[in-house]
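S.K.: Dumping the structure here so I can ask a few things about it.
The values are calculated or read from the model by the stated rules, or taken from the named source; none is laboratory data. What you see is a predicted model; the values in this text were computed from it and never measured. Every residue, glycine as well, gets a Cβ built from its backbone with ideal geometry; the counts of neighbours run over all protein chains shown. Remember, those area values only see protein heavy atoms, side chains included, never the ligands or the DNA or RNA. Shrake-Rupley method; radii C 1.70, N 1.55, O 1.52, S 1.80 Å.
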Amino acid sequence: MVKSFRPVLLSLMLGALALPAVAADLEQPMKKMGFNYKQATKADDAASMTKYIEQMKAEVEKAKKSDMPAAKKEKFLEGLGEVETELDASLTALKAGDEATARAHLDKVNDLKKEYHKYAKQKG
Ligand code: HEM
């Protein structure tokens, strides 16, 4: 009788161990977004700009799946979506050989960062 509970108990324990991995927070993807953004703006050729923007996009995707304060989640996702749209526009411009437009879209990403970080710091 008691023995038959063991597998149940074991799976509950393993489940508890796996939880932190699911509820990863925003800090790590944000750090990597910041790093890749800086590298993209510093890059002096289209190929490396493209590489860093693509890496940044992958981190934005991770950020979207992170644990967020419930009250701010909807707005955070909206901001991250806008960042992705600008990154896509930057990649499109790079493909067309228009580095100036690509950089203008990266500037917009910085504006979005400022806007949404301000919102993130607000109370409530
Ligand atoms: C537009 C939507 C964005 C939202 C909603 C957002 C939200 C946040 C939040 C809530 C934090 C605090 C995370 C924590 O410490 O737990 C954070 C930190 C940070 N974010 Fe963002 N962010 C956005 C865009 C960006 C962009 C575009 C960049 C880079 C270009 C960026 C770079 C960073 C960096 C470097 C940190 C500090 C990480 C650390 O060292 O602790 N964020 N962001």
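S.K.: Roughly to the nearest percent, how much of the accessible area of segment 49-124 is carbon and sulfur, given a 1.4 Å probe?
M.R.: 52 percent
S.K.: Starting from 0.36 nm per residue, how many nanometres of slack lie between residue 77 and residue 104 once their C-alpha separation is accounted for?
M.R.: Additional length available on full extension: 7.5 nm.
S.K.: Subtracting the Cα-Cα distance from 0.36 nm times the residue separation, let me have the gained length for residue 120 to residue 96 in nm, one decimal.
M.R.: Fully extending the segment from residue 120 to residue 96 adds 5.1 nm.
S.K.: Something else now. Name the lysines eligible as straight-distance cross-link partners of residue 51: C-alpha to C-alpha under 23 Å, and not fewer than 8 places from it in the same chain.
M.R.: Candidates past the 8-residue exclusion: 31, 32, 38, 42, 62, 64, 65, 95, 108, 113.
S.K.: Show me 30-37, 86-93 ranked by packing, highest mean number of other Cβ atoms within 10 Å first.
M.R.: Packing proxy ranking, top to bottom: 86-93, 30-37.
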